[in-house]
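A.B. asks: This is the structure I want to talk about, given as structure tokens.
The values are calculated or read from the model by the stated rules, or taken from the named source; none is laboratory data. All values reported here derive from a predicted model rather than from experimental measurement. A quick note on method: Cβ atoms are made from the backbone with ideal geometry, for glycine too, and the neighbour counts reach across all protein chains shown. Surface areas here come from the heavy atoms of the whole protein model, side chains and all, with no ligands, DNA or RNA. Shrake-Rupley method; radii C 1.70, N 1.55, O 1.52, S 1.80 Å.
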Amino acid sequence: MTVSNVAEAKALRSAPPSSAKLASVETIIEGLAEVGYIASRRIATAVFMANHLQKPVLVEGTAGVGKTELALCTAAMLGLPLIRMQCYEGLDESKALYEWKYGKQLLYTQILKDRMGEALSDAKTMDEAMVRLHGLGDLFFSEPFLEPRPLLKALREPGGAVLLIDEIDKSDEAFEAFLLEILSAYQVSVPELGVIKADIPPIVFLTSNNVRDLGDALKRRCLHLHIPLPEPKLEERIVASRVPGIEGRLNRELVAFVQTLRTLDLRKSPSISETVDWARALILLHAHALEPEMVRETLNVLLKYEQDIVAIEPRLNDLLGRASEASGGE
């Protein structure tokens, strides 16, 4: 193989996942819609740039606006494996990157124990015996004994992958610093094996609910995407996509009611996920329009704190009236 052919092969291995669905912002919007994700142009643009610039996307926004779902649907759209790492306080390298199969190492040690004497019997000096033992030690920290965790799995996926680092703001600052090499070069350093670099860099999404401020070093390596709560028309499209068969009138009314609730001082305003869950609950109860008694009975699907439910119930008729007017209802 010539030098030019070698260079061409390397370029092909390092190329981002090729798909007609990633050819433009418009095709991404259409592709995500096919798998049930109604994306704004800003969201689709972020996915387009993430793939072609090979940069991670840091997705921020309130809980339930579709941050995690964006990664899930991108993987479904591209037909790539989704590799998810859920972050939490105390998460370390052994849980995120790799660890050694200690049970397998112990089993092999027991098998080789009886042969140790034979292997060392003809060693003439202690130094010679130590050299042989050192060779056995390297054997136990080799590829057959390696247990890859999400980060390493994503880097080694032969056809590319979508890597979701979920709720990065719940991890420690030390772990955030550990991620920098992966996010900038799509590689990791394993002391026993050396540097492992992705042949095809994964498409990486990091999500944050702003539990804590993230470091500038991490943000510099990422494209930033903030997903806000949707406007009424967009939310109606999302509900229609997620709840097939919902009647237009009910869709308009329930979205208008949710939009009205978001203007109030609640402990937790309903997000998109609550809207979709509520729509499914109303369909399950054979609702065709918002009726005060049915809304009262299902508020626990929409609102997650009892104090919010108690605050809303006395004002329910007024809020339903405002929602009906906003939706153009009868």
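A.B. asks: If a residue has to be surrounded by 16 or more Cβ atoms within 10 Å (Cβ to Cβ) and under 15 Å from K55 (Cα atoms) to count, how many in segment 183-198 make the cut?
C.D. replies: Of the residues in segment 183-198, 3 are surrounded by 16 or more Cβ atoms within 10 Å (Cβ to Cβ) and under 15 Å from K55 (Cα atoms).
A.B. asks: Right, next: Looking at R296, is it modelled with pLDDT of 95 or more and either closer than 28 Å to A33 by Cα or surrounded by 12 or more Cβ atoms within 10 Å (Cβ to Cβ) (or both)?
C.D. replies: The answer is no for R296.
A.B. asks: While we're on this one: Looking at segment 208-234, I want the residues that are among the charged types (D, E, K, R) and have a partner that is surrounded by 15 or more Cβ atoms within 10 Å (Cβ to Cβ) and in a loop (DSSP other than H, G, I, E, B) with Cβ atoms under 9 Å, at least 6 apart or on another chain. Which pairs are those?
C.D. replies: Pairs found: R221/K55; R221/P56; R221/L179.
A.B. asks: Residue check: is V47 at pLDDT 90 or above, in a helix (DSSP H, G or I) and open to solvent by less than 40 Å² (accessible area, probe 1.4 Å)?
C.D. replies: It is true that V47 is at pLDDT 90 or above, in a helix (DSSP H, G or I) and open to solvent by less than 40 Å² (accessible area, probe 1.4 Å).
A.B. asks: Among the residues of segment 178-204, which ones are assigned to a loop (DSSP other than H, G, I, E, B) and touching a residue at least 24 places away in the same chain (Cβ under 8 Å)?
C.D. replies: The answer is L179, Y186, E192, L193, A198, D199, I200, P201, P202.
A.B. asks: Scan segment 299-313 for residues that are in a helix (DSSP H, G or I) and either open to solvent by 50 Å² or more (accessible area, probe 1.4 Å) or in contact (Cβ under 8 Å) with a residue 24 or more places away in the chain (or both) and jot them down.
C.D. replies: N300, V301, L302, E306, Q307, D308, V310, A311, I312, E313
A.B. asks: In the set R252, R242, which member is buried (at least 19 other Cβ atoms within 10 Å of the Cβ) and more than 17 Å from S40 (Cα to Cα)?
C.D. replies: R252
For (1) crowded, with 18+ Cβ neighbours inside 10 Å; (2) modelled with pLDDT under 60, each residue gets a yes or a no:
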{"residue": "G79", "(1), (2)": "no, no"}
{"residue": "E99", "(1), (2)": "no, no"}
{"residue": "Y102", "(1), (2)": "no, yes"}
{"residue": "T109", "(1), (2)": "no, yes"}
{"residue": "D122", "(1), (2)": "no, no"}
{"residue": "T125", "(1), (2)": "no, no"}
{"residue": "G137", "(1), (2)": "no, yes"}
{"residue": "L152", "(1), (2)": "yes, no"}
{"residue": "D169", "(1), (2)": "no, no"}
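A.B. asks: Limited to segment 64-89, what total is found for residues that are under 13 Å from the mean Cα position of the chain (by Cα), in a loop (DSSP other than H, G, I, E, B) and closer than 18 Å to R212 by Cβ?
C.D. replies: Residues that pass the stated criteria total 1.
A.B. asks: Pull out all pairs, ordered by first then second residue, where Cβ-Cβ is under 6 Å, the residues are six or more apart or on different chains, the first lies in segment 39-54 and is farther than 14 Å from P202 by Cβ, and the second is open to solvent by 40 Å² or more (accessible area, probe 1.4 Å) and at pLDDT 95 or above.
C.D. replies: Here the result reads A39/I29; A44/I29, each pair linking segment 39-54 to a residue that is open to solvent by 40 Å² or more (accessible area, probe 1.4 Å) and at pLDDT 95 or above.
A.B. asks: Look through L206, L164, L179 and report the one residue that is buried (at least 17 other Cβ atoms within 10 Å of the Cβ) and either in contact with a Phe, Trp or Tyr (Cβ under 8 Å, 6 or more places away or on another chain) or acidic (D, E) (or both).
C.D. replies: One residue alone meets the criteria, L164.
A.B. asks: Let me ask you something else. I need every pair where a residue in segment 263-277 that is of a type in the set (G, A, S) has its Cβ under 7 Å from the Cβ of a residue that is open to solvent by 20 Å² or more (accessible area, probe 1.4 Å), sequence separation at least 6 or different chains.
C.D. replies: S269/R262; S271/T62; S271/A63; S271/G64; S271/L229; S273/G64
A.B. asks: Since R156 meets every condition but one in (1) open to solvent by 50 Å² or more (accessible area, probe 1.4 Å); (2) farther than 19 Å from L78 by Cα; (3) at pLDDT below 90, which condition does it not meet?
C.D. replies: (2)
A.B. asks: Test each condition in (1) open to solvent by 20 Å² or more (accessible area, probe 1.4 Å); (2) part of a helix (DSSP H, G or I); (3) modelled with pLDDT of 90 or more for L316 and report the one that comes out false.
C.D. replies: (1)
A.B. asks: In this structure, does A279 turn out to be crowded, with 20+ Cβ neighbours inside 10 Å and either in contact with an Asp or Glu (Cβ under 6 Å, 6 or more places away or on another chain) or farther than 30 Å from E173 by Cβ (or both)?
C.D. replies: yes
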